[in-house]
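Engineer: For reference, the structure I am asking about is given below.
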Amino acid sequence: MRLTVIGLGYLGATHAVAMAKLGHQVIGIEQDQAKLESLKQGKIPFHEPGLDKALTEVLATGLLTFQSSHKEQSQAADLHFICVGTPQKESGAADTSYVVSAAKELAKNLSPESVVVGKSTVPVGTARELKNLMSDLAGFEVHLAWNPEFLREGTALEDSLKPDRIVVGAWDDYSVEKVKEVYKPILATGTPFLSLDVETAELVKVAANAFLATKISFINAMAEIAEAAGADAVALAEAIGHDERIGKKFLRSGIGFGGGCLPKDIRGFIARAEEIGAGSALEFLKDIDQINLRRRDKVVEIARQELGNVSGKKILVLGISFKPDSDDLRDSPSLEIARKLAGLGASVTVHDPVALPALKDKSALTVESDLVKAAKDAELVILGTEWKEYRDLDPSVLEVKSKIVIDGRNALDVDKWQKAGWKVIALGRNIKN
Ligand SMILES: NC(=O)c1ccc[n+]([C@@H]2O[C@H](COP(=O)([O-])OP(=O)(O)OC[C@H]3O[C@@H](n4cnc5c(N)ncnc54)[C@H](O)[C@@H]3O)[C@@H](O)[C@H]2O)c1
């Protein structure tokens, strides 16, 4: 099939490559010239395992090309995927202006047979507004479907090609059939296909993210209790996780969730619920957000307890991306902790296996890509992102001033670090040192 993918960030670049891998003829459309040039040259402009290689492969087949705006050849596409960003507005609500402007541009370049497929995460009701807007501009009833994306950064390509479900919301069978056709090779492997009404399809994504955020904040609330009671939240998670109704996944206590999706999606969901008169249903998500943010403050508090006045003291933060295998710094908990400590006058050095080049605002932070140099004379080490490199690290290589580590992810081998002479402090745990 002939496709366009509009907006080539984490979602769109991955989707464009994945669709070309399935054998479709894909035109990727991106307005950021630097990103566009990078993609044309076979270089993914962010870190995502396996995606560079896959891009090179599909570029060689000629199935994926790039352009900065719609041109004649893109008008003829069977499907247009909207993958632009929906960042958080100051009010907390989702900013749908990029989706609206992409839809407007598309409406001027659309054929009546094409199906517009939204993949961005939007407030419920957005698709209906876009359909009306685009139909007015195009002068015909536009086919529109919503097809939320569930990929996770770090395993994005794999998640795109082997999703655990494909959800589509549409007003007409024609659109559903076109979406089914594009994913035919994936559906042939038995992937569940859920054809829903549009509002429900929009809600699936934010509801899933709200649930995941709740699970993480639940165990982090238990960590607060464990800290007050002298109990151990990691052992608690293990024990409750044996109940298969609860499960062990997403139950690791630590400095909480971040990134370009979970935090802004729960805030956007709260804002939309209020707009549609159902605000009280999501009051609890405000607590979920607060529990999450409190964990970042807890690390700062522990640092102050350990160092007294942190001013002038060297602190090393290991990992600045919001999760391992990604260089995404959006709302990264570890980066916020680093900045808060720097704000208190600490001399904060940050290290990360891949994300340092993505750090544009380096103010008040020292960036060091050599781990041994980064650790030299540190008085405190904080594990902020659980990269494998840190989990596997031999702590004896770190020549620090004082051997104190705060494990913000409950990811370190406590025995190993203690045997190397370190005092290990971990969130939600009462470790005897
Ligand atoms: N990142 C993820 O893991 C993920 C997963 C699932 C869903 N989502 C959702 O997908 C959407 C995109 O997220 P992202 O992380 O890829 O964002 P992003 O900011 O990385 O990418 C968005 C891209 O769209 C481009 N763009 C904006 N308007 C455009 C236009 N009119 N024409 C062409 N290009 C345009 C921007 O330049 C940018 O490169 C969001 O709604 C997000 O919530 C993201």
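The values are calculated or read from the model by the stated rules, or taken from the named source; none is laboratory data. Quick caveat, the model's predicted, so the values are computed rather than measured. A quick note on method: Cβ atoms are made from the backbone with ideal geometry, for glycine too, and the neighbour counts reach across all protein chains shown. What goes into the accessible areas is simple: the full protein's heavy atoms, side chains included, and nothing from ligands, DNA or RNA. Shrake-Rupley method; radii C 1.70, N 1.55, O 1.52, S 1.80 Å.
Engineer: Multiplying the sequence separation of S68 and A207 by 0.36 nm and subtracting their Cα-Cα distance, what value in nm do you get?
Structural biologist: 46.7 nm
Engineer: Tell me which residues come under 5 Å, amide H to amide H, from V116 once H is placed; ignore anything under 5 positions away on its chain.
Structural biologist: Long-range HN contacts for V116: H80, H143, L144, A145.
Engineer: Then there is this: Provide the FRET efficiency to the nearest 0.05 for the E275-D197 pair, computing r from the beta carbons and using R0 = 25 Å.
Structural biologist: Result of the calculation: an efficiency of 0.80.
Engineer: Quick one: accessible area per residue over the chain, 1.4 Å probe, rounded to a whole number of Å²?
Structural biologist: 43 Å²
Engineer: Another one. Can you give me the % of accessible surface on the stretch 241-288 that is carbon or sulfur? Probe 1.4 Å, all protein chains present, nothing else counted.
Structural biologist: For the stretch 241-288, the apolar C and S fraction of the accessible surface comes to 55 percent.
Engineer: For the chain, what's the relative contact order in percent, using C-alpha pairs closer than 8 Å and at least 6 residues apart?
Structural biologist: The normalised contact order for the chain reaches 12 percent.
Engineer: Oh, and also: Quick one: which residues, 5 or more positions from I382 or on another chain, have an amide H under 5 Å from its amide H? H modelled 1.01 Å from N in the peptide plane, none for Pro or chain starts.
Structural biologist: For I382, whose amide H was placed from the backbone, the distant partners under 5 Å are L316, V317, L318, I406.
Engineer: Considering Cα pairs under 8 angstrom that are at least six residues apart, work out the relative contact order of the stretch 245-379 and quote it in whole percent.
Structural biologist: 23 percent
Engineer: What full-extension length gain, to one decimal in nm, is calculated for K416 and I431 as 0.36 nm per residue of separation minus the Cα-Cα distance?
Structural biologist: 4.1 nm
Engineer: Once you have the Cα-Cα distance between K376 and D392, take 0.36 nm times their residue separation minus that, and quote the gain in nm to one decimal.
Structural biologist: In short, 3.9 nm is gained.
Engineer: Work out the length of the dipole vector of the chain about its Cα centre, built from +1 on the beta-carbon of each Lys and Arg and -1 on the beta-carbon of each Asp and Glu, and round it to the nearest 20 debye.
Structural biologist: The calculation lands at about 980 debye.
Engineer: Dipole size in debye (nearest 20) for the stretch 196-281 around its Cα centre, Lys and Arg Cβ +1, Asp and Glu Cβ -1?
Structural biologist: 200 debye
Engineer: Mind ordering 122-129, 49-56, 240-247, 306-313 by average Cβ neighbours within 10 Å, highest first?
Structural biologist: The peptides rank, most packed first, as 122-129, 49-56, 306-313, 240-247.
Engineer: Identify, among V142, G62, S175, the residue whose Cα sits farthest towards the positive end of the charge dipole of the chain, taking +1 on the Cβ of Lys and Arg and -1 on the Cβ of Asp and Glu, with the dipole about the Cα centre.
Structural biologist: The one lying farthest along the dipole's positive direction is G62.
Engineer: Test of understanding: in a Gaussian network model of the chain with alpha carbons linked when under 10 Å, which of A94, A375, A358 would top the mean-square fluctuation ranking?
Structural biologist: A358
Engineer: Which residue, chosen from G125, Q75, L371, occupies the Cα position most advanced towards the positive end of the dipole of the chain, where the dipole is computed from +1 (Lys, Arg) and -1 (Asp, Glu) charges on Cβ about the Cα centre?
Structural biologist: L371
Engineer: Taking 25 Å as R0, compute the FRET efficiency from the Cβ-Cβ separation of R294 and K401 and round it to 0.05.
Structural biologist: 0.30
Engineer: Checking the a/c ratio against 1.5 first, then a/b against b/c, what shape does the Cα gyration tensor give for the stretch 1-158?
Structural biologist: In terms of gyration-tensor shape, oblate.
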